[in-house]
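Below is one structure, written out as structure tokens; the observations come after it.
The values are calculated or read from the model by the stated rules, or taken from the named source; none is laboratory data. The model shown is predicted, which means the values in this text are computed figures rather than measured ones. All Cβ positions, even for glycine, are placed from backbone atoms using ideal geometry, and neighbour counts span all protein chains on display. All accessible areas refer to the heavy atoms of the entire protein, side chains included, with ligands and DNA or RNA removed. Shrake-Rupley method; radii C 1.70, N 1.55, O 1.52, S 1.80 Å.
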Amino acid sequence: MTRKIQGFDVGGSSVKAGLVDVDGGRLAGELISAPTPQPSTPQGVMEVIAGLSRRMPEAEPGIGIALPSVVQKGHVKTAANIDHSWIGTDAPALAQKVVGRHAEVLNDADAAGVAEMRWGAGKGEDGVVFMLTFGTGIGSALFYKGQLVPNTELGHLELRGMDAEKWASAHVKTVLNLDWQAWIERVNDYLARMHALFWPDLFILGGAVSADYDRFARLLRAGPGARIQPAHFTGQAGVIGAALAAAEAGPR
């Protein structure tokens, strides 16, 4: 019997959700979403997740939640693009209280990377792979021989005297009204810094902007010996990866 698990991806502007076929590595229905509450407090966000959960068909009892945060053993340590009151929150305990389900909680870029390495652009890659998500910020997930090194948070690497995500995120493209060429020049600055430090074999570019990959692919520069691939799951990767993480954690 196919296992179906609800996955949630919390972003700075919206919370995305979907029912995921975790044995086939794909959505089992439509991706749905709701605005991220402002302020994006733990209680407020979890109530949005509860509402989205009720809109989906019944599934396995556990859920997966991807947050734009460092998450260690379920506890939130940072809050780059959500309310700082998340810091110190026991996210699985809050999910059990508000949503009524036990939850596996992880960093959003890590979740996206899990999906891409298992079923997408990184499948079968055993070298150094970086999953990079471009959205409100820049998320990073590092894999070596298919194994995740969690919570890398390399969107906060210093670049041009600021956090890299303040220079090259998709949000910056929108705010500054940059065309593809101007924005990709900034992305290439970031990729060059990442390449100089880690010498990856593959960059996977994700986030909603990856749906437009063909429009800017020719402008990208990966660095010597590195390849670039668009994310297979585009903006769905965080939802799918969160559900996969919940499936791997198993029942509690």
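Within the range 68-82, being open to solvent by less than 50 Å² (accessible area, probe 1.4 Å), part of a loop (DSSP other than H, G, I, E, B) and either out of contact with any Leu (no Cβ under 8 Å at 6 or more places or on another chain) or closer than 17 Å to A245 by Cα (or both) holds for P68, S69, V70, G74, T78, A79, A80, N81. Out of the residues in the range 142-174 meeting the condition of being assigned to a loop (DSSP other than H, G, I, E, B) and over 21 Å from E125 (Cβ atoms), tell me which one is nearest to the chain's Cα centre (by Cα). Selected residue: E153. Residues of the range 76-97 that are under 18 Å from the mean Cα position of the chain (by Cα) and hydrophobic (A, V, I, L, M, F, W, C): V76, A79, A80, I82, W86, A91. For the range 84-96, a residue qualifies if it is touching a helix residue (DSSP H, G or I) at 6+ places or on another chain (Cβ under 8 Å) and either assigned to a helix (DSSP H, G or I) or open to solvent by 50 Å² or more (accessible area, probe 1.4 Å) (or both), and the qualifying residues are S85, W86, A91, L94, A95.
Of everything listed in (1) under 21 Å from L148 (Cα atoms); (2) in contact with a strand residue (DSSP E or B) (Cβ under 6 Å, 6 or more places away or on another chain); (3) of a type in the set (A, V, I, L, M), the single unmet condition for A59 is (1).
Residue count for the range 102-114 under the criterion of being open to solvent by less than 30 Å² (accessible area, probe 1.4 Å) and assigned to a loop (DSSP other than H, G, I, E, B): the result is 0.
Do you know which of the residues in the range 20-49 that are within 18 Å of H232 (Cα to Cα) and without any contact (Cβ under 8 Å) to a residue 60 or more places away in the chain is surrounded by the most Cβ atoms within 10 Å (Cβ to Cβ)? Steps first, answer last, please.
Within the range 20-49, the first condition is being within 18 Å of H232 (Cα to Cα), and the residues that meet it are 20-31.
This time we only want the ones that are without any contact (Cβ under 8 Å) to a residue 60 or more places away in the chain, so: 21, 23-24, 28-30.
Details: D21: 17, D23: 11, G24: 12, A28: 19, G29: 12, E30: 9.
Among those that are within 18 Å of H232 (Cα to Cα) and without any contact (Cβ under 8 Å) to a residue 60 or more places away in the chain, it is A28.
Residue-by-condition table, conditions (1) among the β-branched types (V, I, T); (2) in contact (Cβ under 8 Å) with a residue 12 or more places away in the chain:
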{"position": "T174", "(1), (2)": "yes, no"}
{"position": "A208", "(1), (2)": "no, yes"}
{"position": "A211", "(1), (2)": "no, yes"}
{"position": "L219", "(1), (2)": "no, yes"}
{"position": "R227", "(1), (2)": "no, yes"}
{"position": "V239", "(1), (2)": "yes, yes"}
{"position": "A247", "(1), (2)": "no, yes"}
